[in-house]
Amino acid sequence: MSERNGFLFCADPLSASRPDPQFAEDIAAARAAGGRIALLDHDALLAGDAAGAVARVARDSGPYWYRGWMIPSARYAQLETALGARGCTLLTDAVGYRRAHELPGWYEEFDGLTPRSVWCAVAPGGPPPAADELAGLVAPLGTGPGIVKDFVKSRKHEWDEACYVPALADHHQLASVVDRFVDLQGDFLAGGLVLRAFEPFAAGGEARVWWVDGEAVLVTAHPDTPGLRPAPELSSVREAVGRLGLRWVTTDLALREDGVWRVVEVGDGQVSGCPAGAGTADLFAALAAAGAR
Ligand SMILES: Nc1ncnc2c1ncn2[C@@H]1O[C@H](COP(=O)(O)OP(=O)(O)OP(=O)(O)O)[C@@H](O)[C@H]1O
Ligand SMILES: [Mg+2]
């Protein structure tokens with residue numbers, strides 16, 4: 001058997017020498033696929049100590065896939081550098097991670113398949129754009145309902161106050177939802193502000209499709225609705241994933257009320273959540289065996 005890729009999992013915050021039990025199923029699948037396991041101190045990485053975060057990774061033991069909790073794009077770049085200093089590489093580099101993880105990075109390739117979106121930079125903890133600036137920004141989205149999020153996450157659990165805008169034409173209402181969103185995100189606001197045209201989706205949940213080197217190797221439910229796993233039509237999404245050209249990504253697909261499958265968002269597969277019991281054996285087998293590029 002040829003050399004398998006390794007997997008860098010998060011360590012258990014309570015026991016640095018053990019993997020985080022939240023990822024036990026994935027670790028078992030990675031081991032079964034013959035991949036080496038190494039551990040990352042995610043808390044140390046997010047605190048700015050990238051060298052300390054990878055201190056347990058053996059020298060010259062790469063290449064690695066990362067698998068674990070989300071990492072802000074700038075911290076991922078520090079992870080890449082710290083691993084490089086130990087003679088190890090990541091199979092998804094920092095530029096690729098940012099492209100899949102943040103909406104402005106993947107939007108162009110999925111234009112036409114995903115709700116129309118606009119964005120602007122906002123500093124974490126900084127002020128939201130002024131109301132007239134927002135009005136100009138959303139003009140291409142029309143006057144109907146909209147969705148507010150940052151480059152990575154929404155506040156969907158605060159739907160009415162910080163996520164959903166009933167009418168983008170109501171600039172006062174728009175500014176109020178945006179202000180609340182920016183305020184609640186605080187220092188955790190990722191990249192900037194995204195505004196999207198709202199599209200009515202049918203009940204039935206989102207399918208999370210896992211792509212490795214352009215192939216759909218697994219379809220799971222979205223972790224929010226683990227009991228619902230729709231079976232989407234994938235041909236146009238496959239083309240867009242090919243254009244994006246990244247090695248391990250996810251796409252979340254929802255059926256619009258008019259019967260068209262839509263891409264709700266794209267993610268870096270390394271940090272996409274997977275519902276318990278989804279069966280990741282084939283996914284990890286594909287990842288372990290993925291060739292050098
Ligand atoms: N443009 C849209 N039109 C209709 N519904 C939307 C739109 N954007 C988001 N939603 C709804 O809001 C939910 C959260 O949006 P989104 O997935 O973009 O945010 P998120 O916080 O990154 O979620 P997660 O990472 O948990 O998937 C979606 O699952 C979908 O139900
Ligand atoms: Mg989502």
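Values in this text are rule-based calculations from the coordinates and carry no lab data. What you see is a predicted model, and the numbers here were worked out from it, not measured in a lab. Don't worry about glycine lacking a Cβ; one is built from the backbone with ideal geometry, like all the others, and counts go over all protein chains shown.
What the table shows:
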{"item": "Student exercise, region 6-98 dipole from Lys, Arg, Asp, Glu Cβ charges, in Debye to nearest 20", "result": "200 debye"}
{"item": "Reduced Cα scattering model of the chain, Debye log10 I(q)/I(0), q = 0.09, 0.11, 0.13 Å⁻¹", "result": "-0.45, -0.68, -0.94"}
{"item": "Rounded to the nearest 20 debye, dipole of region 116-197 from Cβ charges on Lys, Arg, Asp, Glu", "result": "380 debye"}
{"item": "FRET efficiency, 1/(1 + (r/R0)^6) with R0 25 Å, evaluated for TYR164 and ALA24 via beta carbons", "result": "0.10"}
{"item": "Inter-label distance for SER176 and ARG31, nm, one decimal - labels placed 7 Å from Cα along Cα-to-Cβ", "result": "5.4 nm"}
{"item": "Pair LEU228, ARG59: separation of 7 Å Cα→Cβ label points (nm)", "result": "5.3 nm"}
{"item": "Dipole of region 116-197, positive end: most advanced residue of ALA197, THR143, GLY186 [Cβ charges, Cα centre]", "result": "ALA197"}
{"item": "Region 35-172: C-alpha gyration tensor shape, a/c 1.5 cut-off, then a/b vs b/c", "result": "prolate"}
{"item": "Counting DSSP beta bridges with both ends in the chain, the antiparallel % (nearest 5)", "result": "80 percent"}
{"item": "Value of [θ]222 nm, deg cm²/dmol, for the chain, DSSP H segments ≥ 4, -39500 (n - 2.57) each, nearest 500", "result": "-8000 deg cm²/dmol"}
{"item": "Stokes-Einstein translational diffusion, region 6-98 - Kirkwood Rh over all Cα pairs, 1.567 mPa s, 4 °C, in µm²/s", "result": "100 µm²/s"}
